[in-house]
Amino acid sequence: MTDSGDPLAEKHERNRQQRIAEIERWVEYIQTNPPDVWGEQLNTLIESQIETARESGVSAAQRERVRKASEALSERE
């Protein structure tokens with residue numbers, strides 16, 4: 001965590017730690033189950049995300065602006 005006492009920075013760090021924990025949980029799951037068990041689940045998730053992105057109405061230009069802003073923010077951290 002940060003020493004700044006910034007509540008938003010602390011929230012971001014908590015969120016980051018939660019994401020890492022979920023990734024570690026998923027890794028354990030796929031290592032202990034065969035691909036025919038988790039593969040279909042992963043396909044369903046990805047297809048759902050693609051469909052949501054298509055329905056969002058966000059243009060390619062908007063996505064590019066968000067990507068660039070994200071990269072700039074990551075470079076500052």
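Please treat every number below as a calculation from the coordinates, not as lab data. Everything numeric here is computed off the predicted structure, so don't read it as measured data. We place every Cβ from the backbone using ideal geometry, glycine too, and count neighbours over all the protein chains shown.
The table below lists the values:
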read-out	value
Count of residues meeting criterion [surrounded by 10 or more Cβ atoms within 10 Å (Cβ to Cβ), in a helix (DSSP H, G or I) and of a type in the set (S, T, N, Q)] in the stretch 46-62	3
Filter result (hydrophobic (A, V, I, L, M, F, W, C) and in a helix (DSSP H, G or I)) within the stretch 1-45	LEU8, ALA9, ILE20, ALA21, ILE23, TRP26, VAL27, ILE30, VAL37, TRP38, LEU42, LEU45
Every residue from the stretch 2-41 that is of a type in the set (S, T, N, Q) and over 29 Å from GLU77 (Cβ atoms)	GLN31, THR32, ASN33, GLN41
